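S.K.: This structure is in structure tokens; I'll ask about it shortly.
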Amino acid sequence: MQTKECIAMLLAGGQGSRLRVLTKNVAKPAVPFGGQYRIIDFSLSNCRNSGIDTVGVLTQYKPLFLNSYIGIGSTWDLNYQQGGTTILPPFVGEDGGEWYKGTAHAVYQNLDFIEQFQPENVLILSGDHIYKMDYSQLLNYHKEKNADITIAVIEVPWEEAGRFGVMALSEQGEIVEFQEKPEIPESNLASMGVYVFRTDVLKSYLTMDAKDSASQNDFGKNVIPRMLAEGKKMFAYPFCGYWKDVGTIESYWMASMDILDDKANFNIFDSAWCIYSANPPQPPHYIGAAVRVKEALISEGCSIHGEVDHSVIFPGVTIGKGSQVKGSVIMSNVKIEANVKIENAIIGENTVIGDGSLIGGGSKITMVEDNQKFAPNTRLGVLLTIKRAEKTLSEVAGV
Amino acid sequence: MTMKNVMGIIHHHKNEQALQEITRHRCMASVPYGGNYRLIDFTLSNMVNSGICNVAVIADFNIRSLIEHLGRGKDWGLDKKNDGLFILPAASTQAANCRKVDLEDLFRNVDYLERSKEKYVVLSGSNIISSLDYKKVLRFHEEKGADVTLIYQSVNTPHPPKRVHSEAVLLELDSDGRVTELLVGKPGWQSYNLATDMYIFEKSLLMRILRECLRYQQWDFIGDVLCKQTRGLKIYAYPYEGYLAIINSIPDYYYYHMDLLEPGIWRKLFYSCGPVYTKLKDGPSTKYYGTADVRNALVANGCMISGRVENSVLFRGVRIAKGAWVKNSIIMSEGDIGEDTLLDGVILDKNVCVQRGGKLTGDNKKPLVIGKRLVV
């Protein structure tokens with residue numbers, strides 16, 4: 001087997017339980033995002049665009065869809081004779097087997113995969129972030145600093161810092177302190193969950209970690225603190241582009257609104273850094289004759305006969321006459337019948353919403369599961385104040 | 001009924017420059033159509049959706065874009081170790097040819113025909129927009145015990161006809177659906193049976209016909225074979241009732257695009273008979289900005305729209321700036337429509353840039369065509 005300078009291990013086994021119904025049927029990396037994509041498309045497209053040609057994708061939670069979506073990686077041009085994309089599920093060996101207990105344990109279980117390529121460095125990625133990043137620059141920085149590990153970091157708002165692994169740096173950019181999800185953060189420089197390890201260092205620390213029965217086998221909680229305690233050469237690589245951990249419903253909705261907003265600095269139209277995805281073939285979408293669509297993303301196969309504002313509409317969605325969709329994310333093949341009003345909501349795939357229904361509204365996000373069927377005049381979520389004919393309003397109120 | 005026993009052949013258009021400027025750099029089969037597609041995609045998808053796994057495409061002239069589009073047939077599921085997609089050369093390189101269906105093209109590839117194991121052959125033109133299930137045609141063919149089955153559509157034109165088929169093949173049928181006469185010419189405008197340039201027959205019959213053609217050096221399947229043998233051969237006609245468009249001219253091209261703006265037709269064509277496959281392209285969904293005002297339009301992915309669009313078809317990656325007004329037009333991929341422009345009744349080929357303040361107008365009888373990559 002040809003040796004590689006750097007290969008990537010993409011952690012895609014997480015449940016993402018805070019995304020609630022969005023991950024009821026699929027793993028978090030397979031959650032649809034941004035009209036055309038799945039969350040994992042961003043990391044895989046970054047690999048392809050950064051010139052990384054070997055990616056191991058570690059799957060565990062509800063992998064059926066994810067495995068078939070990834071296939072041999074041809075969607076991202078990551079299918080190669082040597083290397084390419086390999087799905088790495090948990091497995092049994094002669095001494096039995098176990099589930100991936102944590103992020104570090106998952107990679108430890110697949111050291112054989114890594115050794116095939118004898119890479120100098122291993123890039124650890126997670127499949128649940130929305131960002132565009134050139135990993136080759138991170139790798140160059142890592143080599144320049146001759147580091148044992150380099151962690152990509154980004155400044156986050158102080159009030160959110162407690163959700164992340166945060167660190168303090170020396171003037172040279174060396175990591176001097178690291179706290180994983182601290183209650184009182186001392187820094188707002190957050191780990192993006194993107195690490196480059198020297199392969200020999202990675203191997204020795206993962207082996208040590210696997211032998212430690214007290215460890216939770218997690219990179220952030222165990223491996224990185226231990227490396228810091230043992231005085232390894234650890235650098236932080238500052239990233240200043242757009243990055244969002246879409247781990248909660250609120251952050252998922254925010255990131256969806258960000259792609260509609262030119263000021264958010266996340267351009268999916270950039271042909272120099274294309275985000276690849278696989279979608280079933282659909283015809284161009286149709287916009288009806290008496291329709292207003294603005295500040296919106298509309299995908300193939302949609303048929304729009306109502307009003308759409310500040311919303312992301314996935315492929316194959318039908319929006320009936322007189323309906324209004326505002327501040328919402330409507331996933332594939334949802335059917336919205338006539339005179340429906342939807343505001344600040346996320347509607348799961350294949351759901352049908354009957355005539356005259358009112359979904360969402362107010363400042364909270366209303367979530368609707370996949371494959372639901374709502375009768376006409378259903379009311380769901382926060383009560384709306386809407387301007388409608390009095391007659392229709394009282395009908396709705398009567399339900 | 002399995003379609004494992006059927007192979008498909010898509011023959012090339014005998015007037016490869018029928019669409020003038022649009023066919024200057026590409027053959028008819030690869031003319032962009034319907035926002036996402038090339039003309040050949042519809043026939044190819046019908047074959048694949050019907051279960052045909054061995055398809056030959058005969059290509060003659062200006063074939064670069066066709067070959068680039070088809071590749072090894074991956075996007076149609078035809079990249080197979082056995083069978084799959086074959087691109088075959090035509091017999092002559094003369095662009096103009098009076099044969100309607102040139103059997104010499106098939107004869108030139110007789111080795112491929114002999115090597116193929118299928119019993120039946122579906123032969124189709126490359127300029128037909130339809131959603132046809134060949135399984136039904138094969139069943140009809142077998143039930144009738146036909147030698148050749150033609151696919152036709154019964155046309156009842158309104159008064160006056162919206163679109164007259166020029167140079168059509170018209171059929172006279174008996175009550176059983178057997179063809180009693182084939183006529184080549186311009187139809188009168190009430191009702192007629194229009195042959196669609198799609199056929200099914202046994203390969204053994206094709207081989208026999210090819211040997212006859214070689215002997216007499218008469219190679220036109222319509223004029224030299226079918227027209228002369230309405231008695232000798234059992235020729236039946238299968239009635240196709242779905243959406244049909246045959247593209248032979250710029251007005252056809254324009255007219256049938258405007259057809260796609262009927263939601264009923266859009267649904268019938270794209271959702272009645274399996275997906276229409278095409279070469280996959282990557283790109284985001286289409287973005288509508290605050291100033292966008294789009295009504296009655298078919299819009300492909302990757303467009304960025306800030307202006308006004310009415311009764312138009314936008315292909316992939318088209319940009320419509322603020323203050324632009326596009327109506328009754330067809331804009332192919334990557335068109336860039338600048339601020340304060342007006343476009344009415346125009347067809348823009350790929351990568352055309354209309355600069356700020358530009359005005360372009362044509363009309364539906366004679367749409368204005370702007371060639372590829374021009375800046376106006």
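The values are calculated or read from the model by the stated rules, or taken from the named source; none is laboratory data. What you see is a predicted model; the values in this text were computed from it and never measured. Positions of Cβ are generated from backbone atoms using ideal geometry, with glycine treated the same way; all protein chains shown enter the neighbour counts. Just the protein is used for accessible areas: all its heavy atoms, side chains included, with ligands, DNA and RNA removed. Shrake-Rupley method; radii C 1.70, N 1.55, O 1.52, S 1.80 Å.
S.K.: Counting other Cβ atoms within 10 Å, keep those with at most 15, restrict to DSSP loop, and tell me which chymotrypsin sites (Phe, Trp or Tyr not before Pro) in segment A:6-90 are left.
M.R.: When the chymotrypsin sites (Phe, Trp or Tyr not before Pro) of segment A:6-90 are filtered for loop state and at most 15 Cβ neighbours within 10 Å, A:Y80 remain.
S.K.: What order do you get for A:45-55, A:324-334 when each peptide is scored by the mean count of other beta carbon atoms within 10 Å, highest first?
M.R.: On the way: A:45-55: 21.5, A:324-334: 24.2.
Highest-to-lowest ranking by the protection proxy: A:324-334, A:45-55.
S.K.: For the protein assembly as shown, report the % of Cα-Cα distances exceeding 48 Å. Intermediate results must be reported in sequence, preceding the final value.
M.R.: On the way: 89951 of 299925 pairs.
For the protein assembly as shown, the fraction of Cα-Cα distances above 48 Å is 30 percent.
S.K.: Give the shape of segment B:6-271 as rounded, prolate or oblate, defined through the alpha-carbon gyration tensor: a ≥ b ≥ c are the square roots of its eigenvalues, a/c under 1.5 means rounded, and otherwise the shape is prolate if a/b is larger than b/c and oblate if not. Don't skip to the answer; put the middle values down first.
M.R.: Values: a/c = 1.31, a/b = 1.04, b/c = 1.26.
It comes out rounded by the Cα gyration axes.
S.K.: Give me the percent of accessible area attributable to carbon and sulfur for segment B:312-361, probe 1.4 angstrom.
M.R.: Values: 700 of 1670 Å².
Carbon plus sulfur share of accessible area: 42 percent.
S.K.: I'd like the carbon and sulfur percentage of the solvent accessible area for segment B:6-271, probe radius 1.4 Å, heavy atoms only, ligands and nucleic acids excluded.
M.R.: On the way: 5100 of 10880 Å².
Result for segment B:6-271: 47 percent of the exposed heavy-atom area is carbon or sulfur.
S.K.: Could you work out, residue by residue across B:33-44, how many beta carbons of other chains sit within 10 Å of that residue's beta carbon, and then give the average as an integer?
M.R.: On the way: counts 0, 2, 5, 5, 3, 0, 0, 0, 1, 0, 0, 0.
For this peptide, the per-residue mean of nearby foreign Cβ atoms is 1.
S.K.: Taking H as built 1.01 Å from N, whose amide H comes closer than 5 Å to the amide H of A:T366, not counting residues under 5 places away?
M.R.: A:A345, A:I346, A:G361
S.K.: Still on this model: Using helices alone, what [θ] at 222 nm do you get for chain B, with -39,500 (n - 2.57) per DSSP H run of 4 or more residues, divided over all residues and rounded to the nearest 500? Numbers along the way, then the final one.
M.R.: Details: 8 runs with 74 residues, N = 376.
After summing the helix terms and dividing by residue count, I get -5500 deg cm²/dmol.
S.K.: For chain A, give the percent of accessible area contributed by carbon and sulfur heavy atoms, probe 1.4 Å, rounded to a whole number. It would help to have the intermediate numbers written out before the result.
M.R.: Details: 7910 of 16470 Å².
So the carbon and sulfur contribution to the accessible surface is 48 percent.
S.K.: Going by accessible area, probe 1.4 Å, with all protein chains left in place, what is the ranking of A:S136, A:S43, largest first?
M.R.: On the way: A:S136 40, A:S43 0 Å².
Result, largest first: A:S136, A:S43.
S.K.: Quick one: order A:D200, B:D197, A:D112 from most to least accessible surface, probe 1.4 Å. Walk me through the intermediate numbers first.
M.R.: Numbers: A:D200 85, B:D197 35, A:D112 120 Å².
From most exposed to least exposed: A:D112, A:D200, B:D197.
S.K.: What is the set of long-range amide H partners of B:G323 at a cut-off below 5 Å, with H atoms built 1.01 Å from backbone N?
M.R.: Correct list: B:R308, B:D340.
S.K.: Related question: By DSSP, what percent of the beta bridges with both residues in chain A are antiparallel, rounded to the nearest 5?
M.R.: Working: 24 of 77 bridges.
Percentage antiparallel, nearest 5: 30.
S.K.: With a/c under 1.5 counting as rounded, go ahead and sort segment B:287-370 into rounded, prolate or oblate using the C-alpha gyration tensor (a ≥ b ≥ c being the square roots of the eigenvalues; past the cut-off, prolate if a/b is larger than b/c, else oblate). Mind dumping the intermediate values first?
M.R.: On the way: a/c = 1.40, a/b = 1.30, b/c = 1.07.
Since a/c stays below 1.5, the shape of segment B:287-370 is classed as rounded.
S.K.: Another one. For the protein assembly as shown, what is the accessible area per residue in Å², given a 1.4 Å probe and the full set of protein chains? Please list the in-between numbers first.
M.R.: Working: 31750 Å² over 775 residues.
Computed with neighbouring chains in place, this is 41 Å² per residue.
S.K.: May I ask you to evaluate 6.51 cos²θ - 1.76 cosθ + 1.60, the Karplus curve with θ = phi - 60°, for each residue of segment B:274-284 and list the ³J(HN,Hα) values in order in whole Hz, giving x for glycine and proline?
M.R.: With coefficients 6.51, -1.76 and 1.60, one gets x, x, 8, 8, 8, 4, 6, 10, 8, x, x Hz.
S.K.: Buried accessible area for the B:A pair, summed, 1.4 Å probe, in Å² rounded to 100? Walk me through the numbers on the way to the answer.
M.R.: On the way: alone 16770 and 17930 Å², together 31750 Å².
Counting both chains, the buried surface is close to 3000 Å².
S.K.: Between segment A:309-358 and segment B:1-73, how many Å separate their Cα centres?
M.R.: 37 Å
S.K.: For segment B:98-111, take each phi angle, set θ = phi - 60°, evaluate the Karplus expression 6.51 cos²θ - 1.76 cosθ + 1.60, and give the result in whole Hz per residue in order, putting x for glycine and proline.
M.R.: Result, rounded to whole Hz: 8, 6, 7, 10, 8, 6, 5, 4, 6, 5, 4, 10, 4, 4.
S.K.: Please compute, for peptide A:272-283, the average count of beta-carbon atoms on other protein chains lying within 10 Å of each residue's beta-carbon.
M.R.: Numbers: counts 0, 0, 3, 3, 3, 4, 2, 4, 2, 14, 7, 15.
Mean inter-chain Cβ contacts per residue within 10 Å come to 5.
S.K.: Here is a follow-up. Between A:P185, A:P315, A:P157, which gets the highest mean-square fluctuation from a Gaussian network model of chain A, Cα cutoff 10 Å?
M.R.: So, out of A:P185, A:P315, A:P157, the one fluctuating most is A:P157.
S.K.: A:L10's amide H: which non-local residues (gap 5+, or another chain) put their own amide H closer than 5 Å, with H modeled 1.01 Å from N in plane and none for Pro or chain starts?
M.R.: So A:L10 has HN proximity to A:G56, A:V57, A:L58, A:L125.
S.K.: Right, next: Over all residues in B:298-307, what is the mean tally of Cβ atoms on other chains that come within 10 Å of each residue's Cβ? Before the final figure, lay out the partial values.
M.R.: Numbers: counts 5, 9, 5, 12, 5, 4, 1, 5, 1, 0.
Mean partner-chain Cβ count within 10 Å for B:298-307: 5.
S.K.: Dipole of segment B:184-309 (Lys/Arg Cβ +1, Asp/Glu Cβ -1, origin at the Cα centre): which of B:I222, B:V184, B:V276 lies farthest to the positive side?
M.R.: Value computed over the given set: B:I222.
S.K.: Show me, for segment A:42-59, the HN-Hα J-couplings you get by feeding each phi into the Karplus relation (A = 6.51, B = -1.76, C = 1.60, θ = phi - 60°), rounded to Hz, glycine and proline as x.
M.R.: 5, 5, 5, 5, 4, 4, 4, 6, 8, x, 8, 10, 10, 9, x, 10, 8, 10
S.K.: Mind checking the alpha-carbon convex hull of chain A and giving the volume per residue in Å³? Working shown, then result.
M.R.: Details: hull volume 61.6 nm³, N = 399.
Convex hull volume per residue, Cα atoms: 154 Å³.
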